[in-house]
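Step one of this worksheet: look at the structure below.
Values quoted throughout were computed directly from the atomic coordinates according to the rules given, and no laboratory measurement underlies them. If you're wondering where the values come from, they're calculated on a predicted model, not measured in any experiment. Here the Cβ positions follow ideal geometry from the backbone for every residue, glycine too, while neighbour counts run over all protein chains shown.
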Amino acid sequence: MSVATPEQSSTAQNASTDTRRPVVACQQLTKTFKDFWMRDRARAVDKLDLVVREKEIFGLLGPNGSGKSTTIKLILGLLKPTSGRVMVFDKPTTHVETKSRIGYLPEESYLYPFLNARETLDYYGKLFRLDAKTRSNRIDELLEMVGLTHAQFRPVREYSKGMQRRIGIAQALINDPDLLILDEPTTGLDPIGTRQVKDLILELGRRGKSIILSSHLLTDVEDVVDRMVILYGGKIRGEGTCEELLSSKERTTIETDELDDATIAEIDEVIRRRSSGGKSILSVSSPRQRLEELFLGIVEKAQADRMSTSGVTKGGETASFLKSAAAAAPVVGDELIESLLSNSDETTDTPEQEAPQSESVGEPAPMVESTEETDSELISELLNDSDEVVDEPVTHTPEASAPTEPEHKSAEYDESVIDSLLDGSDEEPENKGAIDRHQRGRPFKIVATVVVLLGLLTYAGFSIVSSTTAENADWVSDIPEMLEDQNGNLIPNPIAQRNEQLRSILDVSQSPINGVISVSLITAFLIIIIWLGLGLTYVGTITLVALIGWPLYSLGGPGWSGLGFVIIGVTLLMLTFTVLLRGLRLALSNAHPITTIARNVLAEAIRMKISLVFILLLAVMLSIMPIMLDADQPLRYRVQGFLQWSTGMSFWLIALLVVFFSAATVSYEQREKVIWQTMTKPVAAWQYILGKWLGVTLLSGMLLAVAGLGTFQFTEYLRSQKALGEVAPYQASEGRMMTEDRMILETQVLSARKSVNPVLPFHPMDAEFDAALEAEIAQERQLQTDFNPTPGMKAGMRMKIFEEAVSDYRSIDPRYEGYATFSFTGLEEAKRLGQPLTLRYKINAEGNRPDIFYAVTFVFESGAIFPRKQTGLGFSHTFTIDSALINNRGELNMQIYNGELGLDRDDSFSLRPNPGTMTIPPDGLEVSYQVGSYAGNFVRIMTVLWIKLALLAMISVWAASFASFPVACLMSIAVFLIGESAGFVQSALPAWQMDTESVVGVFRTLIYHFADTVSGFFSIYHELKPTQRIAEGRLLGWGQVSSGVLVLSLATGVFYFLSVYIFRKRQLAIYSGQ
């Protein structure tokens, strides 16, 4: 028999004499929540003074709403105190590096639902910058410890609440924290999990960890804490050790073996006699077995009998890196398996092994300052011939405690295969097939690479030999290079110039270089696929699709042929997307917060099927569009229409994805509180924002790259079709070198040309317009004597007079002079290059009837005369002129006659006019010359579109940093539309009438200045006009790209710093999502 009597003195040292270093110190800490009008709504914490010391298990007790969770959020920096201060490890809560020593489990398991258990722990391990080997070892041990090894590949969203709670506990321990904060850790756990958590806390306490345990379940706290406080109304109502707070000094408990009634009566008599009748036995009872002990006994019996379950299995012992040095004896090899299979509660003694330990047992894992080691490990894993991939789990599942049902294994395998193809998941099931192991082996990769390179060399040699032995076409004819005009002057023969231009086009089209370059790019793409370990997978997929799609395309009718084309096109674009995605995930695999968050954004986009929907829409759209074009239209119109629609629609579709996904990935994490887990790790606000933006930008870049590759390849497919008037591609009918359709396509559409429009010989501020304006005002005053126009009205009247003058200038009446003079300036580069010039003109007359043709004559400054007898009305025409017609000042001056100019019998010129006035519209006259290739221009245009998407992504992230998802989307779309319409606004502003002498006029003036300022800010954004340039074959030079990228990057930087500033001011724990 033993007697337990309460101690009369405290078992804990007084706080004033405790020499242990404070880990958490709160001084007069107060948190008051306010309403929208900044009125006090509730005081959750009220002048709290609290100290938690090192090597202490500290309990926070109190009913719901007493301030426990609020205190923890203040300690972690998720809330900002209204007054007072908090210090953690002698640092403020905003100190990021301090969080590397903290592990946190919130009151609910706020986890990413699209990740599985292993990926979840790997994500948080990377935020702590743990190297790959340390992460893998710790993940294995933690999964075993919490009993989820068998379910590690299932998405977290499929877990029960208790299973999610176990993963939450594991992520709080991944960094081996010095301070562990557990907020209601046993919520949702069964009694087995509850007991395991208690044992874990005691184990960590023995190792010297500091632990803060918050709970309203008194038994949880009573069993483990050294010291506790009881909160109510945000204030401390009780504080001390368990012994101090729970001991009752008024009573004594005696526990013995079973006694009969007589013995009990004797004892009662002795007590009465010794106390002079003042004391006696108050009650006698037999002890009961606790329900927890009964429950645990039943479950342990079932586990010992190896009964199957799809839920949580028996957790293993505490992870070795969390144990004290004495308790964590090294166990490796076969003895590790034996220890895991053993049901003994004692640690198995094992001899020392020769295998080196991955980390010192009982010591905190060192923080990795550089990612070079991680990067080299990733590359090594990629290139080796083993069956593993980076961070592939090597799990040890106890046979007795981890039975796995067949259907679960099958489901995990199917999902992993899908993940492997779509998002490059690092984790794969152990039952990988032999084909997969073979394609990941180094021998296969080397042999496949050699075969692909041999194929490239064979094709290149065959192409060069074929080009050398082919008969050269006879382009030389008896066309003189010079001829006499009507004045008898020798001028360059435009036909000879045109033939020379055609010769260069056909030489390029028939050159083997283009084919070799295309095959080289395909070869590089195939080699990347091979070394990503997907060679056989892609070969099988492409072969299967070819067997289905190619017969349909080649042998089927029009409908079946289109279906085959779509099947092949969609498959190739989707496979391209998967390769780019795998490459990006590999590039972002190092353990750094920015790249880890960006990689998680990509995983979110794929697992939540957001980007898959958009990439499928892009692939189908790009594949269907070429076969939907009207085959009877001129080829140049088909190519131009495809370029404009495919590029424009792809950009707008991806822009919508960027807006919605950027806003969602930031705002939903705040609303669902998942961000708590990330921001309580050593992640700064600037790293979080940058990681989110980087992930969305890379996602948009992937989609744009796929869209760009599809657009380019389908354009080349259209280019290889017959143009109008051709008997075969690039072969005109007999007697002609090249058709007009092919000529315009090659020189004006699939080109990178600079174009110059004629300059007007007058300006709206010239004196002649001042006189015209005064005459107009005088005329109005004759009708209205009190007419007194405001400055805004005068500006509108001046602009109207100017536009009428421009219209008159562009109209050529054959009854008067019959011609108009036009001048092009800034052509010094064209003269220096000596490139032929393409003159494009369009004539409007007589309602542009298709059955009427006008004769038009061009007379240049040098005296050269170019008659154009058959000019259709209402559409563009082109002809080639020599750059020698440009004078030394870089000007090209010409007169355009409304009719045919010819010599009479007396050698004088006369004009045979057309029947009506002809007008040259504002876009109806230009001179252009080629300065680059279509492919290079295409790359530059795609670069500008990507920078635009990057800016849009940052705007959406900025909006979501302080607004809810719908509001953030509306704000981002509004800014996007303003940028896209800036050019239209700028062109419409001159006609806007301003007036400051009336209320309405003042508002109109304010609107004018606001629109002018905003549209002017986005002017560079709009002036790039990438979609219009690619469709019209206009050059977007590197100078324009550089200036545009610089301005857009500066705007992106401004929104980035605004986002970081706002995010730092946010109190993430009170975000409502409204």
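Enumerate the lysines that residue 279 could reach by cross-link, defined here as Cα to Cα under 24 Å, with residues fewer than 8 away along the same chain left out.
249
Sorted by packing (mean other beta-carbon atoms within 10 Å per residue), highest first, where do 86-96, 777-787 land?
Put in order of decreasing packing, that is 86-96, 777-787.
Taking the Cα centroid of region 560-623 and of region 72-123, what is the distance between the two, rounded to the nearest whole Å?
33
What ranking of 158, 669 emerges when the number of other C-beta atoms within 10 Å of each C-beta is taken as an exposure proxy, fewest first? Walk me through the numbers before you get to the answer.
Numbers: 158 12, 669 23.
Listed from fewest to most nearby Cβ atoms, that is 158, 669.
Of the listed peptides 111-117, 612-618, what is their order by residue-averaged count of other C-beta atoms within 10 Å, with the highest listed first? Write down the numbers at each step before the final one.
Working: 111-117: 22.0, 612-618: 19.1.
So the order, starting with the most tightly packed, is 111-117, 612-618.
Excluding same-chain residues fewer than 8 positions from residue 445, which lysines have a Cα within less than 22 Å of its Cα?
432
Arrange 1046, 602, 873, 127 by Cβ neighbour counts within 10 Å, fewest through most, would you?
With the fewest neighbours first, 1046, 602, 873, 127 line up as 1046, 873, 602, 127.
Which of the pairs 209/681; 47/681; 68/209 have their Cα atoms more than 23 Å apart in this structure?
47/681
Contact order normalised by length for region 18-245, with contacts defined as Cα pairs under 8 Å and 6 or more residues apart; what percent is it? Mind showing how you got there, number by number?
Numbers: 443 pairs, mean separation 65.8, N = 228.
The value is 29 percent.
Round to a whole angstrom and tell me the spacing of the C-alpha centers of region 826-849 and region 722-761.
When both Cα centres are located, 14 Å separates them.
Tell me which GluC sites (Glu not before Pro) from region 678-764 have a DSSP coil assignment and no more than 15 other beta carbons within 10 Å of their own. Provide the component values of the computation, followed by the final result.
Values: sites: 716, 726, 734, 740, 746; in loops: 734.
The qualifying sites are 734.
Once you sort the root eigenvalues of the Cα gyration tensor of region 18-245 as a ≥ b ≥ c, which label holds: rounded (a/c under 1.5), prolate (a/b larger than b/c) or oblate (the other case)? Walk me through the intermediate numbers first.
Working: a/c = 1.60, a/b = 1.47, b/c = 1.09.
Since a/c reaches 1.5 and a/b is larger than b/c, the shape of region 18-245 is classed as prolate.
Label region 927-993 by shape, choosing from rounded, prolate and oblate, from the square roots a ≥ b ≥ c of the eigenvalues of the Cα gyration tensor; if a/c is under 1.5 it is rounded, and otherwise prolate applies when a/b is larger than b/c, oblate when it is not.
Cα axes put region 927-993 in the oblate bin.
Here is the link list: 34/609; 31/948; 34/91. Which ones come out longer than 31 Å on Cα distance?
Exceeds cut-off: 34/609; 31/948.
When you take every Cα atom in region 821-974, what is the radius of gyration, and what is Dmax, the widest Cα pair distance, in Å?
23.9, 84
Let a ≥ b ≥ c be the square roots of the eigenvalues of the Cα gyration tensor of region 100-140; is it rounded (a/c under 1.5), or, if not, prolate (a/b larger than b/c) or oblate?
Taking the square roots of the gyration eigenvalues as a ≥ b ≥ c, region 100-140 is oblate.
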